[in-house]
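Throughout, read-outs are computed from the coordinates displayed, never taken from laboratory work. These figures come from a predicted structure and were not determined experimentally. Positions of Cβ are backbone-derived with ideal geometry, glycine not excepted, and every protein chain shown enters the neighbour counts.
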Amino acid sequence: MQSLDTRTRSPWGTLAVLALAQFMVVLDVTIVNVALPSLQAALHFSPDDLQWVISAYTLAFGGFLLLGGRLSDLLGRRRIFSAGLALFSVASLAGGLASSQGVLIGVRAVQGFGGALMSAAALSILTVTFAQGRRRNIAMGIWGGLAGLGGTLGVVAGGILVDALGWEWVFFVNVPIGMLLLAVTPRYVPASRVEASGPRTFDVAGSVLGTTGVLAVIFGVIRAEPLGWGSFEVLGSLAAGVALLAAFVAVEARSADPLVPLRLFRSGGLSKATGALALNGASFLAMFFLTALYLQQVRGLSALETGLEFLPMGFAAIAGALVASQVLSRVGTRPVQAVAAGLSVVGLLLLSRAGVSGGYVTQLLPGLVLFGAGITGIGVSAQVVAAADVSHADAGAVSGVVNTGYQVGGALGLAVISTLSTSVVTGLLATGSSQADALTAGFRRGLVLAAILAAANVGLALWSRHLVPDADQLAELAAVA
């Protein structure tokens, strides 16, 4: 049973607040990437440890999305949205003030947790604010479109802030926006929650086990480069991660009200769609991380110049999503996902041929555009498959699962690819190669590995379920996903 705030509020005012909050959450992923070289120099990060600036955020965000959705339903959606917004804003302030690696990584994890609470609650609020149908589809389109725009503009905004004011401002910029949204939330966002007939359960154990299990696996992968795969620390971390993830599955299987209802995976459609999104997240985060470092540390670009060179990829990603949405109703999900994954592979392989010097238009632009168009095409088709057989009662759980798969897959992929790329750089520097040549070789190795993950998505697409939704079904499925 839903408990709703009956005071009159404009639903479009509600949408404006929620969309701006989601814009800020997504912007924070890309805005930090262009600041990585400045962060590395200021806080003395090693190449292995630098990836935690990204991974701490994505892991916490993905690991606690499901818990955020549950908390918002039972404790109050506006309350959890406001709590997440406040936590995100305070953590942003602390990030700009951080003076050590450990503090910044910890703050990024808190930011991710706040973002998870905020994002999950916002989606729930939109669902109960707009009735199913055309108005909800429009609202979801605006919400998702602004989120995508946040990712695109983040690279440019980050470059401007780093060059003009310093790396600290990629965090400080969130504070005034967050405070403004907190001030207007009671006026524009209605309060609602689910009135539980029985005891309220949050499955905190499942959330903690899943997140710490993935964290342990990533830690083991990262430590393998300096210590070797056979070291006690690496093997112990990997074994602990596997044990924690096994415990997570056991807890979810026995729970009467699990965060992840395992029955949803019986059809196979959700499993394959989540796998596709995880591979997509892995190739995207690794490409973004490596390319941002390459452009600044090898080619000597400023943060703003780096952001501008990424901009065509963002526009290609928006175009790819629009084209995929139109084509899906004609040819179906399987060919769209396969072609989009193929575009990603070609884009990454083209990027992997870039050298220490060379023209942007010939060496980088084609790969960035193809990769951008491909990753959103995969995302649109996979989300439609994930939501195909889902009842509206399970829509929130499915949305949480696919988003978690994307975030956790991204963190794992970044850890593996960054570690293997760093080993190439370290080996070449030890044999007397120049820093530029060594970094370029590591960049190339990483993009080839990302291309292999994208190629796996081609195979997964051919193995996945084929759906040909009509225009109305596509709009409804996209809203559910």
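Centre-to-centre separation between the Cα atoms of region 75-97 and those of region 17-44: 16 Å.
For the chain, the square roots of the Cα gyration tensor eigenvalues, ordered a ≥ b ≥ c, give a/c below 1.5, which places it in the rounded category. Each Cα pair under 8 Å and six or more residues apart adds its sequence gap; the mean of these over the residue count of region 268-481 is a relative contact order of 41 percent.
Between the C-alpha center of region 318-338 and that of region 216-272 there is a gap of 32 Å.
Counting other Cβ atoms within 10 Å as a rough exposure proxy, the listed residues Tyr188, Tyr294, Tyr406 run Tyr188, Tyr294, Tyr406 from fewest neighbours to most. Can you give the FRET efficiency to the nearest 0.05 for Val361 and Val249, using r as the Cβ-Cβ distance and R₀ = 60 Å? Efficiency, rounded to the nearest 0.05: 0.75. Of the residues Arg108, Arg444, Arg254, Arg187, the one with the fewest other Cβ atoms within 10 Å heads the list, and the complete ranking is Arg254, Arg187, Arg444, Arg108. Here Leu161, Leu43 are placed in order of increasing Cβ neighbour count within 10 Å, fewest first, which gives Leu43, Leu161. Label sites at Val103 and Trp229, each approximated as a point 7 angstrom past Cα along Cα to Cβ, lie 3.9 nm apart. For Ala35, no residue whose modelled amide H falls within less than 5 Å of its own remains once neighbours fewer than 5 places apart on the same chain are excluded. Taking label positions 7 Å along the Cα-Cβ direction at both Leu262 and Val208, the computed distance is 2.1 nm, reported to one decimal. Taking amide H as placed 1.01 Å from N in the peptide plane, the amide H of Arg353 sits under 5 Å from none that are at least 5 places away or on another chain.
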